[in-house]
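The values are calculated or read from the model by the stated rules, or taken from the named source; none is laboratory data. No experiment lies behind these values; they were computed from the predicted model shown. Positions of Cβ are generated from backbone atoms using ideal geometry, with glycine treated the same way; all protein chains shown enter the neighbour counts. These area figures cover heavy atoms from the full protein model, side chains too; ligands, DNA and RNA do not enter into them. Shrake-Rupley method; radii C 1.70, N 1.55, O 1.52, S 1.80 Å.
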Amino acid sequence: MAEALNTSIAALGEKIRTLKTGNGAKDEIDAAVAELLRLKGEYKTLTGTEYVGAKPARAKAEKPAKAQAEAKPAAAAAAADDGKKQTLLGLTVKKEDDLAEWYSQLITKSELIEYYDVSGCYILRPWSYSIWESIKAFLDPLIKELGVENSYFPLFVSKAALEREKEHIADFAPEVAWVTKSGSSDLEEPIAVRPTSETIMYPAYGKWIRSHRDLPLKLNQWNNVVRWEFKQPTPFLRTREFLWQEGHTAFATKEESDTEVLQILDLYRRVYEELLAIPVVPGTKTRKEKFAGGLYTTTVEAFIAASGKGIQGATSHSLGQNFSKMFDITFEDPEKKGDKLHVWQNSWGITTRTIGVMIMAHGDNQGLVLPPRVACTQVVIVPTGLGGKLSPEDHAKLFDSCKDFERQLKKAGVRAVADLRDNYSPPWKYNHWELKGVPIRLEVGPRDLAKGVAVAAQRATGRKVDVALAELTTLIPAMLEEIHHFLFNKALQDRNDHMKTITKWEEFLPALDGKNIVLAPFCEEVACEERIKKETTREDAMGAKSLCIPFAQTAFEGETKCIHPECGKVATRRTLFGRSY
C-alpha cells in the first residue's frame, strides 16, 4: 500500500510541475495540489512518517577507513544542527527571491490552511482560526462598549432586494454568486449568496425604526460572505469566501454618525497595532475608491515591505442617507409632529485578510513569525539532553519539570505548551515550532534543571537568553511584551523607510519602482486619479492607486499644484499612492 502511494505521489508531483511550467489552468493546478496534499496525509497516516520523495541514486566512491570514521560524526552533527535538512520541514525559497512561492509554502507548511477542491476557498486550520478568535475576543467587547449588539441575518438575499440599490450593487455585480437550482429543479427566481448585508438588513431596519426613541440602532454580525473573485485567489488576502464582522448602525443625526465612523476606525487601528504589531495609516478614501453608494469611506492602510505594496486593512463607511432613502428607513421628527426624517447610517468591517497581512509583514525565511498577543501558543517548552546516558529517573524528572513549568506559565496567563513527544528529536521540534512562529521556545535540559536556568529562544529576534526557572512567571510575560514592541518597531521602520514624500511627477514612477508608497499633493479629482493609474501601469506592474488621504496632514507652503503635470489644479491634500493588493 505504501509503495503504491509513493508511486501515486511521485506521479502527481511530476504532473503539477508540468502544469506549472506549461502555464496550466489555475483551477486544474489547485485541484492537483489539493489531491497531492491528501495523498501525502494518507501516506503519513499509514507509515507514521512524512513523505520525503525519492532521491536519485549516486555511485559511491571508495573511502579510506579513516575518512569514513571521521565523516560519520560530522554528518551526525550536521543533521542535529540542521533539522530542515533532516526532515524537509522548512521553506525551500526565500521571501526576497520569490514572494508568491514563499507565501504559498509558508501557509501550508506552518499549518495555517489546507487547500480545498473549490478554487478560491480554503480550510482555516486551528493555527490560523485561533488568530481570528483572538481578534474577535479583542474587538467584540470593545464594540459592545459602544452599544453595539450582535445579531445574525440570513445568508441569502432575493434578487429584488439586491437590485434595489443600483449604485451599491454595481461594484459587487460581477462577484455575486447565485443559487439557481434546488436539487434538479430550477428555482423560480435566482437567490444571491450575500456579498455584503446592506440589502439583507435594511428592509428590517425600515420595519423596526419608527420613532427617534428607536435610535440609535447598532447591530453587528460575525459571519461569512461570498464574492466570486475573478482575479487570482490568494489565501487570506483575496478569497471567494471569507470571515468578517460587519457592523450596521443607524442614527438620528449626521454628527452621531460621523463620531462613530472614527470610533470604529480607531478600534481597527488598535487591532493592527496592539494585536498584530503592524503600523497602519488612518485616512479617508478618495471619491474614486470610496464604498459604492456611501457618503465617504475611512480606512486603515498597511504596507508590505517585501512587495512594496499597500494593503487595505479595514474600513469604516458613512453611508449618509442614501440607503435610508432607498429602503425608507425613517423616524418621526420629534420637533415637527407628522414630519418624517431619514436616518443616517454607517457600515464597517474587518476580515480574515488581517491574517494574511500579518504573515506578509512579519514572516521570514524560517517561516511564520507570530505576534505574541495573537499566538495560540506563546511559549513551547522543549526538553533537551535526552541522550542515552540519561537515566529513566532523570528522564521522568525532566519531563515532570517541563509539565510543571507549563502549569506555572498558564497560571500566570501565558499560553504555554510542553512538547513531550518522544518520537521526535529536539532539533526536529525546534524547526517545527520555528516554522509555526511560536514567539518563545524554552529549552530545558538536565543540566539546566541543576543550575536553575533555561534557555529562551526568541523567534522574532533570533536571540537566546538564559532565564531563571524560579522567575519564569515574571520574565516570560515581560519578554513577550518586548517581542511585540520589537515586531511593531521593525515594521514601522520598514514602512517609514519606504514612504516617500514627493512633489515632482518625474519622481513618482521611480519611487514606485523602488518598492515605495508615495505621499504626493493631489487635487482629488476622479479623472486625474484614473490618469495617474493609467500612466504608471506597465506590462509587469499594476498602476498606482490612491490608498488613502491620511488624517495626519502638514500644511502646504504656498499654493501647491497637483502632482500630475497635466492637471494644473491646486492640490487640496497630500494623498498616499501605491501599488496595492
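For segment 510-581 and segment 338-375, what is the separation of their Cα centres, given in Å?
25 Å
For the peptides 186-196, 200-210, what is the packing order when you average, over each peptide's residues, the other Cβ atoms within 10 Å and list the highest mean first?
The peptides rank, most packed first, as 200-210, 186-196.
With an 8 Å Cα cut-off and a minimum separation of 6 or more residues, compute the relative contact order for segment 404-548 in percent.
Across segment 404-548, relative contact order equals 12 percent.
Give me the percent of accessible area attributable to carbon and sulfur for segment 217-335, probe 1.4 angstrom.
Result for segment 217-335: 47 percent of the exposed heavy-atom area is carbon or sulfur.
Could you look at segment 485-559 and say what percent of its accessible area is carbon and sulfur, using a 1.4 Å probe and all protein chains?
50 percent
May I ask you to give the solvent-accessible area per residue for segment 235-376, in square angstrom, as obtained with a 1.4 angstrom probe?
With the other protein chains kept in place, segment 235-376 gives 30 Å² per residue.
Under the definition of Cα pairs under 8 Å and six or more residues apart, what whole-number percent is the relative contact order of segment 380-422?
For segment 380-422, the relative contact order is 57 percent.
Roughly how many Å² is the accessible area per residue of segment 169-226, as a whole number, for a 1.4 Å probe?
Each residue of segment 169-226 exposes 48 Å² on average to a 1.4 Å probe.
If eta is 0.890 mPa s and T is 25 °C, what Stokes-Einstein diffusion coefficient results for segment 418-540, Kirkwood Rh from Cα pairs, in µm²/s?
D, rounded to a whole number, is 130 µm²/s.
When the accessible area of segment 399-466 is computed with all protein chains present and a 1.4 Å probe, what percentage of it is carbon and sulfur?
The nonpolar share, carbon plus sulfur, comes to 47 percent.
Where only protein heavy atoms count, and the probe is 1.4 Å, what is the accessible area per residue for segment 446-539 in Å²?
In whole numbers, segment 446-539 has 54 Å² accessible per residue.
For the peptides 290-300, 336-346, what is the packing order when you average, over each peptide's residues, the other Cβ atoms within 10 Å and list the highest mean first?
290-300, 336-346
Kindly work out what percent of the DSSP beta bridges joining two residues of segment 457-581 are antiparallel, to the nearest 5.
80 percent
When each pair of different Cα atoms in segment 273-387 is counted once in the 1/r mean, what is the Kirkwood radius in angstroms, to one decimal?
17.9 Å
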